Amino acid sequence: MVDVDARRDEVADLVQTRWGDLLTEIGATVVERDDARLPPPPDLMLATGTTGLQAYSLPREVGGEDADALTWGMALEQIGYRCMDSALPLIMNHQVDIARLICESGRADLIERYAMPLAQGRCGAGIAYTEDADAFSFRTILRRQKNDYVLSGYKSYITGGQMSDFFLTYALDETGDMQACLVQRDDPGVTVTPSEPLGMKTAGAASVTFDNVPLPGDRILAASDGLTHAQRFLSNQRLWIACAPLGRAQAVLDQCAAQLSGTLRYGETVAELKNVQASLGRMYVAVESARAMLYRALIRVTQDRTEPVFDPVVSAAKCFAVEQIRFVLERALNVLGGYGFYGNPHLGRYMRDFSGLTLAAGTQDILEVNLGAGVVARASRPSNLVHA
Ligand SMILES: Cc1cc2nc3c(=O)[nH]c(=O)nc-3n(C[C@H](O)[C@H](O)[C@H](O)COP(=O)(O)OP(=O)(O)OC[C@H]3O[C@@H](n4cnc5c(N)ncnc54)[C@H](O)[C@@H]3O)c2cc1C
């Protein structure tokens, strides 16, 4: 049995000691960068590599520390708690998992050329999967030319795309199978265009166009069943993308309590009003229950007990945690009164930033449909029938 509270305290100390100043520094400029749609500055992104943060959960062969999924999820939670820039952990999640997939390929050439510099913060990368189509109708196409390939298509939204030196992308080949390949930003025919999203404006997101990009054969990361490759990426992302916002929800709850303890109405502090205390209590329930779900899912990943493509507990944890995180922000707006709306620039930004959690790594709707289908499938097995 893992003592999650003790582990959480250890990870909180570790993140504060090793990266606390860096996280504070990145968060300090977030309001101006959010207005200007600018990602964290390059020197600070480099520092996430040189201080070992990017590599923390990666294998030792790329300079990592092999932190397990529970520890990495808790580290992300602490990053979310300490860093006011919601986009930083999102950018890092994507980069870390791209490096991890490259390491898992066992290809020494790709590990040295792409995973190692990524782990060390010396380059950036993004995952270019989404296009305005379902996976079976992708218009991003990989055509064979002798031993090499030509890539054409368009990917609509890539976290960290503006800072990416290479992309992990997915395209259909001439047989209709999906392949995963690595495309460099400086490959001829690659055009990166900054996005203008509703939230996560500091994530440096971009779209990318591939116009007959010549690709050497050694850039193919998965030569068949790229759909499973992409789903493995997305399955882990479901957890990572919720962990940091959970930390931020905890920070918002703490800040509400502090702010309201100093706000006087009718001769007493707002924090002493019973309805406000009940709201804070419900926010506490939301944070604790989301944390319990996420930790349970993280432990399953750590113990290698998950389904690789669609794990019901991981997906349920993402769905539930995202709802609770958004609930905390709504409640915060309610208890903070005008201060939350016009007295402070952060709460509204978090509401915009975290609105996208309902879409990213599988929309809530699709996850719920798949979870429900699993319930039906399990119930229809005769051995599972129980009479009410
Ligand atoms: C913060 C953020 C970061 C992101 N980062 C990246 C990134 O780095 N790389 C990347 O490639 N993409 C990224 N995305 C894109 C994201 O993966 C997609 O937006 C998401 O998968 C939804 O796909 P879509 O936009 O095509 O929606 P659509 O598929 O058009 O969905 C529209 C609606 O239809 C519903 N729907 C669609 N299909 C089904 C179905 N089969 N069953 C039931 N309902 C369905 C959906 O639930 C939704 O309500 C990011 C998105 C966000 C918000």
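Read the figures in this text as sums done on the coordinates, not as results from a lab. These numbers were taken from a predicted model, which means no experiment stands behind them. Backbone-built Cβ (ideal geometry, glycine too); neighbour counts: all protein chains shown.
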task = Take W19, W72 and order them by how many other Cβ atoms sit within 10 Å, fewest up front.
result = W19, W72
remark   = CD proxy, 222 nm, the chain: helix-only mean residue ellipticity via -39,500 (n - 2.57) per DSSP H run with n ≥ 4, per residue, nearest 500, stands at -17000 deg cm²/dmol
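Once you have the Cα-Cα distance between Q364 and K274, take 0.36 nm times their residue separation minus that, and quote the gain in nm to one decimal.
29.0 nm
Over the chain, what portion of Cα pair distances is larger than 34 Å, expressed as a whole percent?
30
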ask   = Which Cα, out of L90, V376, G73, lies furthest along the positive dipole direction of the chain (beta carbon charges, K/R +1, D/E -1)?
value = V376
query = Using alpha-carbon pairs under 8 Å, 6+ residues apart, how would you state the relative contact order of the chain in percent?
reply = 16
Surrounding net charge for R248, when Lys and Arg each add one and Asp and Glu each subtract one, Cβ distance under 11 Å = -2
note = Computed ³J(HN,Hα) along the stretch 303-308: with the Karplus parameters 6.51/-1.76/1.60, θ = phi - 60°, integer Hz and x for glycine or proline, the list is 8, 6, 10, 9, 6, x
task = Within 10 Å, count the other beta carbons around each residue, average over each peptide in 49-62, 234-247, 277-290, and list them highest first.
result = 234-247, 49-62, 277-290
request  = Quick one: check the C-alpha center-to-center distance for the stretch 322-388 versus the stretch 51-107, whole angstrom.
outcome  = 24
Sequence ranges 183-194, 77-88, ranked by mean other-Cβ count within 10 angstrom, highest first = 77-88, 183-194
key: Eligible lysines near K155 by straight Cα distance, threshold 21 Å, same-chain separation 8 or greater   = K201
Relative contact order (percent, whole number), the stretch 4-123, Cα cutoff 8 Å, 6+ residue spacing = 32
request  = Can you tell me the FRET efficiency between N344 and A292 if r is taken as the Cβ-Cβ distance and R0 is 35 Å, rounded to the nearest 0.05?
outcome  = 0.75
